Amino acid sequence: MDDFARHLLHWYDLHGRHDLPWQHPRAPYRVWVSEVMLQQTQVATVLPYFERFVDALPDVRALAAASEDRVLALWSGLGYYRRARYLHAAAQRCVVRHDGELPRDFESLAALPGIGRSTAGAILALAHEQRHAILDGNVKRVLSRYHGVAGWPGERTVENALWAHAETHTPEARIADYTQAIMDLGATVCTRANPRCDACPQAQVCAAHRAGTTAVIPAARPARALPEKYTFFVVLRDEHDRVLLQRRPPQGVWPGLWSLPEAADEHAAQELASRLAALDPDTAVALPVILHVFTHFKLHASPIEWRGVRARSAVADDPATRWYSRAEIADLGIPAPVRKVLMRWPEASSAKNSSAKPKASIARHGRANSANASTNTSDAKRGNSGLTTRPC
Ligand code: SF4
């Protein structure tokens with residue numbers, strides 16, 4: 001065991017995290033679910049989702065047997081939904097090929113959907129005490145600074161150098177503790193901003209600390225302008241306090257989740273709304289614009305709402321378009337920005353009366369209150385909607 005691992009384990013015994021729910025018991029399935037949830041998400045955010053997920057689906061077979069809707073609903077709010085779909089697909093493959101268990105060998109494990117080299121290493125190290133290196137975001141940061149590796153860790157040459165360091169430091173003994181320890185150090189001491197080097201067991205040797213370069217190592221991802229996309233959400237609420245949702249296709253943004261019908265512009269949104277429900281077009285109300293940043297683009301979604309509409313029978317024939325009550329929505333997989341729009345549920349009494357033209361809608365053909373209509377600058381680009389606006 002080298003000095004890096006020895007100092008780290010000593011620190012872990014005193015200051016590491018020993019009470020995370022996936023550590024008790026540290027069963028392979030629980031470790032796997034936690035590792036996938038922790039990809040791109042912090043521990044504090046993951047905790048309630050993890051408890052809920054493993055309570056509902058306590059093992060590989062239960063996960064494999066669950067419907068995709070159920071899995072996505074349990075994941076709803078965590079984001080990066082592709083992770084949930086991979087988790088589900090991997091569980092089904094485990095039932096078919098591995099007798100309902102996660103495989104214990106690295107190659108078979110890393111071949112499952114959504115499990116890369118680092119996640120496979122973490123599962124085998126944490127659950128089975130097998131010696132494998134890991135290199136998640138926290139570990140990349142610690143090793144970049146400790147060894148003074150400049151450059152963005154997303155670059156292949158930088159990542160390869162970090163893997164080499166990770167392999168070198170990984171000890172033969174106490175592998176589960178070491179794996180947890182290096183993740184903990186990155187999450188709690190060697191943080192992205194203002195690392196607490198005075199509390200770090202590696203401070204005497206750490207290259208970035210000694211050189212005063214912790215602010216620039218690791219280098220940030222090279223800046224790039226994200227393309228901006230615009231869409232209109234059609235929010236239809238009927239007289240029974242239900243809202244109309246559509247299931248998104250299995251590919252693309254928010255795959256398989258339930259979302260609001262979408263249109264390219266305001267006119268198309270009006271047409272779509274009239275096709276989906278019987279309504280008075282003049283009761284349309286523009287809700288505040290939602291800005292959501294994806295990895296590859298920014299989405300500006302302008303919700304337009306009609307209340308007290310009447311469902312059209314044609315909708316009942318389409319399994320991907322359904323009216324949902326407030327209670328049912330709680331159990332659906334719905335993207336967080338869409339859920340934010342849906343949570344503006346009208347009170348039951350006002351919903352009943354909402355088919356009446358709202359007073360403010362006399363401004364329908366006039367100038368909308370763009371200050372209320374927008375949470376960002378996107379309205380300036382689109383111009384005024386001309387719709388009545390209703391603040392959140
Ligand atoms: S000394 Fe500072 S920069 Fe170096 S590993 Fe520790 S916390 Fe990170």
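The values are calculated or read from the model by the stated rules, or taken from the named source; none is laboratory data. Note that the structure is predicted; figures quoted are calculated from it, not measured. Ideal geometry is used to build each Cβ from the backbone, glycine not excepted, and the neighbour counts take in all protein chains shown. Surface areas here come from the heavy atoms of the whole protein model, side chains and all, with no ligands, DNA or RNA. Shrake-Rupley method; radii C 1.70, N 1.55, O 1.52, S 1.80 Å.
Just a few scattered comments:
- Residue satisfying condition, being within 16 Å of the ligand (Cβ to nearest atom), in a loop (DSSP other than H, G, I, E, B) and either hydrophobic (A, V, I, L, M, F, W, C) or over 19 Å from residue 42 (Cα atoms) (or both), within set 185, 135, 112: 135
- The lone exception for residue 67 - which of (1) among the hydroxyl-bearing types (Ser, Thr, Tyr); (2) over 19 Å from the mean Cα position of the chain (by Cα); (3) under 30 Å from residue 145 (Cβ atoms); (4) open to solvent by 40 Å² or more (accessible area, probe 1.4 Å) it fails: (3)
- Selection status of residue 170, more than 8 Å from the ligand (Cβ to nearest atom), open to solvent by 30 Å² or more (accessible area, probe 1.4 Å) and in contact (Cβ under 8 Å) with a residue 24 or more places away in the chain: no
- Any pair with Cβ under 6 angstrom, 6 or more apart, that starts in the range 57-78 at a residue that is without any contact (Cβ under 8 Å) to a residue 60 or more places away in the chain and ends at one that is surrounded by 20 or more Cβ atoms within 10 Å (Cβ to Cβ) and in a loop (DSSP other than H, G, I, E, B): 63/57; 66/57
- Contact annotation: no residue pair with Cβ atoms under 6 Å, 6 or more positions apart or on different chains, pairs a residue in the range 217-228 that is touching a residue at least 12 places away in the same chain (Cβ under 8 Å) and away from the ligand (no atom under 16 Å from the Cβ) with a partner that is in a loop (DSSP other than H, G, I, E, B) and of a type in the set (Ser, Thr, Tyr).
- Taking the criterion of being over 27 Å from residue 225 (Cβ atoms), open to solvent by 30 Å² or more (accessible area, probe 1.4 Å) and part of a strand (DSSP E or B), the only residue of the range 266-307 that qualifies is 307.
- Criterion violated by residue 139 - all others in (1) within 22 Å of residue 203 (Cα to Cα); (2) open to solvent by 10 Å² or more (accessible area, probe 1.4 Å) satisfied: (2)
- Filtering the range 191-204 to residues that are open to solvent by less than 30 Å² (accessible area, probe 1.4 Å) and either hydroxyl-bearing (Ser, Thr, Tyr) or more than 10 Å from the ligand (Cβ to nearest atom) (or both) leaves nothing.
Let's see how each residue does on (1) within 12 Å of the ligand (Cβ to nearest atom); (2) in contact with a Leu (Cβ under 8 Å, 6 or more places away or on another chain); (3) open to solvent by 50 Å² or more (accessible area, probe 1.4 Å):
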{"position": "174", "(1), (2), (3)": "no, yes, yes"}
{"position": "189", "(1), (2), (3)": "yes, no, no"}
{"position": "206", "(1), (2), (3)": "yes, no, no"}
{"position": "211", "(1), (2), (3)": "yes, no, yes"}
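- Selection within the range 142-167 - open to solvent by 20 Å² or more (accessible area, probe 1.4 Å), within 23 Å of residue 210 (Cα to Cα) and among the charged types (D, E, K, R): 159
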